[in-house]
Structure formats: structure tokens, C-alpha cells
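Shown next, in C-alpha cells, is the structure this report addresses.
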Amino acid sequence: MKEIFTVWKHTRQIVIVALTAAIYAGMLIPFKAIPIIPGMTELRPGNAIPVFFGILFGPAAAWGSAIGNLIADFFGTLSLGSIAGFVGNFLQSYISYKLWRILVKDAVVMNLRQTGIFVLISVISGFVCALTIASGVQFLGLMPFRVLFPIIFINDALMASILGVILMKLLYHRIERTGLLYIPE
């Protein structure tokens, strides 16, 4: 739990928060014009970012994903529900990081086993994100849980499972060589 707040004490981690937020917002904003439920949610291929960056950059990516989602909401879906979106995207990224650290002990090669783990993590973290957002939005009286949850869950799990695996195979080792991967203290 301490690592969540330690991010803000290290310049490099703060830069990763900012980069994650910028990349995530940049991937979400263009799709605000394609709403699934106007004012609530839209098609989101960018939802691979919280999972992928979470695995790479740990808590910094969780903060960046939450902030990036909030920034993107300013372009079409900003409401009180954005608070739930902030928390949901934070959890999606942070849970991805924690589960990857627990389940993958060996080098990342994205073989069949690791690809399966990545998909499992995408589904679990997508479920938590959708649960958080849909519950928060229903609590605020903005939309029923049963309507919003399946849309967010399917979108999060599917996009992260497909695009995230591709990103892991293409970029993981390049990012690892730069020395930017998060290594817990």
C-alpha cells in the first residue's frame, strides 16, 4: 500500500505518471465522438493502456491511468461519475501490476502461459474497473448498474486482452532495455 504514495516522492515516477496520463488521454479523446451511451461511455481501444502500463510501470501507471481517464472525460463524459472512473481506472492498472508480479515469476517472453495469464489479468482487472465505475455511477443515480457494467466490462476485458498482448509482445523488451520498468523497493 505504501508504494501507491511513494510514487510522488520520485521524479522519475512522476514523469511516468504524466506520460501515462498523456498517452492514455490521447488514446481516449478521439473515441469520445463514438459514444456507446452518450455522456457515459464510448468505444475505448485505449483500455489496453491501464493493464499494459500497469504491468510495466506499477503504481505510477495506476495514477497515470486514473488521471488520463479524468482528462479524457473533459472531452465529453465529465460528470460526477468521473470520480468512479478515476478510481476504476486506478484499480484496473494497479491490480494488473500486482497480479502480474504474483503470477509471473520468470522472464517475460509472452509464451502461451504468459499470454494466458495476461488475458486472465485483463479480465479480472476489467471486472474490477467495471464493477467500481458501474457501482459508483448507480450510487450517484446517473445510470443503472445492469446497463453500464456489461458495456464497460466487455470493452475493458476485450481491448486489454487483444491489444495488450500485442503491445506486450512488441514493446516489453524495448521498454525493459531502457530501464524504465517499475521494480518494487
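What the table shows:
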| quantity | calculated |
| --- | --- |
| Within the range 100-140, trypsin sites (Lys or Arg not before Pro) in DSSP loop having at most 10 other beta-carbon neighbours inside 10 Å | 105 |
| FRET efficiency, residue 135 to residue 37 (Cβ-Cβ, R0 22 Å, nearest 0.05) | 0.85 |
| Estimated distance in nm for a label pair at residue 175 and residue 113, the labels positioned 7 Å out from Cα along Cα-to-Cβ | 2.3 |
| 67, 49 arranged by Cβ crowding within 10 Å, fewest neighbours leading | 67, 49 |
| P(r), alpha carbons of the chain - 5 Å bins starting at zero, rounded % | 1, 9, 18, 23, 20, 15, 9, 4, 1, 0 |
| Lys, Arg +1 and Asp, Glu -1 on Cβ, resulting dipole of the range 93-185 about Cα centre, debye, nearest 20 | 160 |
| Spacing of the two label points (7 Å from each Cα toward its C-beta) at residue 106 and residue 6, in nm | 2.8 |
| Footprinting exposure proxy for 1, 168 (fewest neighbouring C-beta atoms within 10 Å first) | 1, 168 |
| Lysines whose Cα lies under 28 Å from that of residue 2, excluding same-chain neighbours fewer than 8 positions away | 98, 105 |
| Order of 175, 151 - criterion: other Cβ atoms within 10 Å of each residue's Cβ, fewest first | 175, 151 |
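Since every read-out is calculated from the coordinates, none of them should be taken as a lab result. Quantities reported herein were computed from a predicted structural model and do not represent experimental measurements. A quick note on method: Cβ atoms are made from the backbone with ideal geometry, for glycine too, and the neighbour counts reach across all protein chains shown.
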